[in-house]
1. Among the residues of segment 94-108, is any free of Cβ contacts under 8 Å to residues at least 24 places away in the same chain and closer than 25 Å to ILE48 by Cα?
2. It is to be established whether one or more residues within segment 8-16 are over 18 Å from ARG127 (Cα atoms), among the hydrophobic types (A, V, I, L, M, F, W, C), without any contact (Cβ under 8 Å) to a residue 40 or more places away in the chain and surrounded by fewer than 19 Cβ atoms within 10 Å (Cβ to Cβ).
3. Within segment 14-48, which residues are among the aliphatic types (A, V, I, L, M) and closer than 30 Å to THR155 by Cβ?
4. Being among the hydroxyl-bearing types (Ser, Thr, Tyr) and over 11 Å from the mean Cα position of the chain (by Cα) is the filter here, so list the residues in segment 13-51 that pass it.
5. Can you tell me which residues in segment 17-61 are surrounded by fewer than 19 Cβ atoms within 10 Å (Cβ to Cβ), without any contact (Cβ under 8 Å) to a residue 40 or more places away in the chain and among the β-branched types (Val, Ile, Thr)?
6. Please state which one of ALA95, ALA110, ALA84 is within 15 Å of GLY14 (Cα to Cα) and under 17 Å from the mean Cα position of the chain (by Cα).
Amino acid sequence: MVILGIDPGVATVGFGVVDKRGNEFKAIEYGVITTPAHTLLEDRLCSIFDDMTEIIGRHRPDCVSIEELFFNRNITTAIDVAQARGVLLLACRKAGLDVYEYTPLQVKSAIVGYGRAEKQQVQYMTRLLLKLDEIPKPDDAADALALAVCHGRTTNGYGG
């Protein structure tokens with residue numbers, strides 16, 4: 001089963017494509033979609049949609065795991081990220097993919113076994129589970145891989 005993990009954002013969207021066979025995970029591709037600062041939001045959203053559509057077409061995942069949004073302070077940033085997330089959800093749905101949402105606490109629990117784990121612990125365990133030589137960079141890509149592995153571990157990779 002191929003799982004696409006997505007860490008939503010406007011300036012940077014992390015993505016990670018993982019193949020799960022039995023209890024084994026393998027990273028197929030990971031990276032980020034970036035949009036330039038000082039660009040119209042609608043142009044950034046269009047770029048995110050197009051790039052995600054291309055990634056989906058290239059890998060044909062079976063499902064998508066995306067982070068649920070939560071916000072502490074900046075409402076403007078929150079609204080922009082929510083719009084980017086909507087565009088990402090649209091790209092996934094237009095491709096006919098089922099989308100599963102996970103909170104950071106759920107990801108930490110699935111990867112480390114502890115919902116209050118530190119980011120470095122999640123990255124370290126993600127590296128081990130995917131048998132990578134080093135922790136994926138940038139952090140957004142590592143987070144996306146963790147989201148994909150979370151789905152595979154939470155549901156045995158089948159649905160939600």
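1. Here is the first cut: in segment 94-108, the residues free of Cβ contacts under 8 Å to residues at least 24 places away in the same chain are 96, 105, 108.
From the residues that got through so far, the ones that are closer than 25 Å to ILE48 by Cα too are 96.
Among the residues of segment 94-108, at least one is free of Cβ contacts under 8 Å to residues at least 24 places away in the same chain and closer than 25 Å to ILE48 by Cα, which makes the answer yes.
2. So in segment 8-16, the residues over 18 Å from ARG127 (Cα atoms) come out as 8-13.
After this cut, where a residue has to be among the hydrophobic types (A, V, I, L, M, F, W, C) as well, the list is 10-11, 13.
Applying the additional criterion that residues be without any contact (Cβ under 8 Å) to a residue 40 or more places away in the chain yields 11.
Of the ones still in play, those that are also surrounded by fewer than 19 Cβ atoms within 10 Å (Cβ to Cβ) are 11.
Yes, some residue in segment 8-16 is over 18 Å from ARG127 (Cα atoms), among the hydrophobic types (A, V, I, L, M, F, W, C), without any contact (Cβ under 8 Å) to a residue 40 or more places away in the chain and surrounded by fewer than 19 Cβ atoms within 10 Å (Cβ to Cβ).
3. Start the filter on segment 14-48 by keeping residues that are among the aliphatic types (A, V, I, L, M), which leaves 17-18, 27-28, 32-33, 37, 40-41, 45, 48.
Those that are among the aliphatic types (A, V, I, L, M) and closer than 30 Å to THR155 by Cβ: VAL17, VAL18, ALA27, ILE28, VAL32, ILE33, LEU45, ILE48.
4. Initially, segment 13-51 is screened for residues among the hydroxyl-bearing types (Ser, Thr, Tyr), giving 30, 34-35, 39, 47.
Once the filter is applied, which keeps residues that are among the hydroxyl-bearing types (Ser, Thr, Tyr) and over 11 Å from the mean Cα position of the chain (by Cα), segment 13-51 yields THR34, THR35, THR39, SER47.
5. Selection gives ILE28, THR34, THR39.
6. Numbers: ALA95 fails: within 15 Å of GLY14 (Cα to Cα); ALA110 fails: within 15 Å of GLY14 (Cα to Cα).
Being within 15 Å of GLY14 (Cα to Cα) and under 17 Å from the mean Cα position of the chain (by Cα) holds for just one of ALA95, ALA110, ALA84, which is ALA84.
No lab work stands behind these numbers, since they all come straight from the coordinates. Computed from a predicted structure; not experimentally measured. Cβ atoms come from the backbone with ideal geometry, glycine included; neighbour counts cover every protein chain shown.
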